[in-house]
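A.B. asks: After the structure tokens below, expect a handful of questions from me.
Nothing in this text is a laboratory measurement; each read-out follows from the coordinates by a stated rule. Predicted, not measured: the structure shown is a model, and the values here were computed from it. So basically every Cβ, Gly included, is an ideal-geometry build from the backbone, and we count neighbours across all protein chains shown.
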Amino acid sequence: MSNQLTITVLRIWFRFLLLTICLGAWLGCSSAFTASSNGLVKIGLKKRRLDLYSINAAKITRADTSYDTGIGYTASFEKPKADLVYLKNYLDTQYYGEVGIGSPPQSFTVVFDTGSSNLWVPSSKCVLSITCYFHSKFRARMSRTYTKIGIPCKIHYGSGSISGFFGQDHVKLGDGTIIDQEFVEVTREGFLAFLGTQFDGILGLGFQDIAVGQATPVWFNMVQQGHVSQKIFSLWLNRDPISELGGEIVFGGLDWRHFRGDHTYVPVTERGYWQIDVGDIFIDNKSTGMCEYGCAAIVDSGTSFLAGPTTVVTQINHAIGAQGIVSLECKSVVSNYGNLIWETLISGLRPEIICIDFGLCVYNNGSRTILETLVDDKVGNESTVDESALCTFCEMIVFWIQVQLKQQKAKEKIFKYVDELCERLPDPTGKSFLDCNAVTSMPHVSFTIANKSFPLSPEQYVVRVEQKYATICLSGFTALDVPPPQGPLWILGDVFLGAYHTVFDFGNLRKEKEKGSWWDGV
């Protein structure tokens with residue numbers, strides 16, 4: 001009996017000694033920053049397999065990015081001169097990598113998101129949200145470098161929200177450690193928004209201007225603490241569906257293996273997001289018209305699809321054969337107002353006031369025009385369609401007819417085309433389905449950036465979703481409407497970034513793009 005007890009005690013003591021040695025080595029390794037010889041920090045990205053239950057259209061929502069200071073008032077950090085914060089449903093995200101928080105570092109998988117600016121992960125204090133039990137949780141008491149800030153915050157997304165409080169600790173990224181990084185310890189997550197995700201949190205790579213609580217972003221601290229030799233980071237996404245490697249993000253430089261030729265320099269037009277100007281969008285070298293004189297675009301690695309105005313996206317989906325839903329409301333506007341729209345455009349009336357004169361949109365100073373009265377006499381008040389929907393459909397139809405008139409199409413062909421566009425409007429979830437066997441016959445879609453054409457081939461904009469018994473193809477274009485002055489707006493998500501190697505130049509506030517050599521098979 002005594003021999004068994006002695007052996008048991010020795011085993012416990014040996015395990016404790018081994019654990020102490022390993023823990024000491026771990027602490028020693030994690031306490032200092034180890035920079036690579038060329039000043040680069042490379043992070044390999046994993047790719048999340050998409051399925052129909054986890055794909056949602058990018059959403060822009062009025063977000064509550066305020067935080068309680070704890071001293072009796074609430075401070076709000078919204079984008080200057082705008083009341084919209086551009087956030088998305090993070091179920092759209094495919095690509096994520098690993099970081100460590102604390103000393104010793106606790107591992108988390110995070111999305112590297114250029115469309116937001118905060119770092120957040122679930123907290124061990126997240127006990128009331130079921131979703132937290134499916135992800136790694138940060139345990140502050142296990143970190144010797146942790147500092148509690150305690151200021152609470154909440155962020156709303158399109159399909160849920162997160163809430164928690166601010167903390168501060170070291171963050172291990174690649175081979176280096178960022179000292180005293182602010183981050184959000186999440187204590188509550190929206191059930192539907194984050195239940196099925198394979199990542200634990202988000203690491204924002206936007207500007208401090210849009211950071212909740214004005215927290216200093218991880219990237220800014222990397223620059224300030226001298227972890228990188230250049231104030232740039234680059235992104236390569238691997239769109240090969242059978243490859244295990246999802247991509248790579250390089251802080252402080254770029255990897256020459258992932259592109260060829262020279263990059264195109266594009267200035268950042270508005271700080272906060274990586275926002276740039278884009279010009280006209282072409283379908284098989286034919287103009288779509290809306291962005292002929294320029295539109296804003298946000299380069300966003302946190303959104304899978306390529307999102308833009310419904311008016312243009314519907315034209316694209318029609319051209320590539322995407323099937324959405326038949327919109328009876330849209331067709332009813334064509335039926336009731338189509339000839340009047342045609343006659344009004346032919347007469348030279350400004351397109352932007354046609355729907356106002358029809359009474360389908362907001363009146364000008366509450367006045368009613370003669371044309372509006374004529375429409376009322378003809379159509380009556382039989383329509384039960386929501387007034388805001390009628391306005392939207394009217395404006396889209398005016399635009400579509402206007403574009404076709406510029407191409408000198410006959411009236412009969414124009415109305416047939418508009419009727420087809422009504423049938424190709426995206427379904428309520430934003431998805432539009434494609435025939436996988438017809439991909440090779442689909443046209444190229446090109447974006448004009450810095451007066452250069454950036455084409456997307458069908459293989460690049462078609463999203464293939466592997467189901468148990470079949471492959472389903474979806475259009476990579478999804479509808480998103482942002483009113484002026486912020487809109488029209490495009491979100492250049494992973495569909496676009498997967499085709500073009502991208503460098504984010506923080507030092508010169510410009511963004512660079514170049515065709516990815518891996519996509520061309522070079």
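A.B. asks: For a label point 7 angstrom out from the Cα of K413 toward its Cβ, which stretches of region 326-358 have the backbone nitrogen within less than 19 Å?
C.D. replies: 342-343, 346
A.B. asks: Can you figure out the FRET efficiency of S229 with S161, using R₀ = 35 Å and their beta-carbon distance, to the nearest 0.05?
C.D. replies: 0.35
A.B. asks: Given the Cα-Cα distance of T471 and D435 and 0.36 nm per residue of separation, how much length would full extension add, in nm?
C.D. replies: Roughly 11.9 nm would be gained on extension.
A.B. asks: Please find the FRET efficiency linking F134 to R464, where r is the Cβ-Cβ separation and R0 is fixed at 30 Å, and quote it to the nearest 0.05.
C.D. replies: It comes to 0.70.
A.B. asks: To continue, here is another question. For S116, enumerate residues with amide H under 5 Å from its amide H, sequence gap 5+ or separate chain, H modeled in the peptide plane.
C.D. replies: Under 5 Å from the amide H of S116 lie the amide H atoms of L205, G206, each far enough along the sequence or on another chain.
A.B. asks: Which residues' amide hydrogens lie under 5 Å from the amide hydrogen of V482, considering only partners 5 or more residues apart or on another chain, with H built in the peptide plane?
C.D. replies: HN-HN under 5 Å from V482: L489.
A.B. asks: Right, another one. Once you place label points 7 Å from the Cα toward the Cβ at S347 and A319, how far apart are they in nm?
C.D. replies: Placing both labels 7 Å along Cα→Cβ, they lie 3.2 nm apart.
A.B. asks: According to a simple spin-label model (label point 7 Å from Cα along Cα-to-Cβ), what is the distance in nm between Q402 and D209?
C.D. replies: The two pseudo-label positions are separated by 2.8 nm.
A.B. asks: So what's Rg/Rh here for region 249-343, counting alpha carbon atoms and using the Kirkwood radius for Rh?
C.D. replies: Ratio of gyration radius to Kirkwood radius: 1.09.
A.B. asks: Which part of region 298-324 falls in the paramagnetic zone of S287, meaning amide N under 11 Å from the point 7 Å along Cα-to-beta-carbon?
C.D. replies: The answer is none, because no backbone nitrogen lies closer than 11 Å to the label point.
A.B. asks: Among the listed pairs K409/K511; K172/K513; K47/K406; K331/K406; K47/K511; K47/K125, which are separated by more than 32 Å between their Cα atoms?
C.D. replies: K409/K511; K47/K406
A.B. asks: Hey, another quick one. Work out from phi, with θ = phi - 60° and the Karplus expression 6.51 cos²θ - 1.76 cosθ + 1.60, the ³J(HN,Hα) of each residue of region 301-317, listed in order in whole Hz, and give x for Gly and Pro.
C.D. replies: 3J(HN,Hα) across region 301-317, in whole Hz: 6, x, 10, 6, 8, 10, 10, x, x, 3, 4, 7, 4, 5, 4, 5, 5.
A.B. asks: Output ³J(HN,Hα) for region 488-497: one whole-Hz value per residue in order, computed from phi by the Karplus curve 6.51 cos²θ - 1.76 cosθ + 1.60 with θ = phi - 60°, and x for Gly and Pro.
C.D. replies: x, 9, 10, 10, 8, x, 5, 4, 7, 5
A.B. asks: Alpha carbons only, please: Rg and Dmax for region 183-320, in angstrom.
C.D. replies: 18.3, 50
A.B. asks: Quick one: give the max-minus-min coordinate of the C-alpha atoms of region 398-465 along each principal axis, largest first, in Å.
C.D. replies: 38, 34, 24
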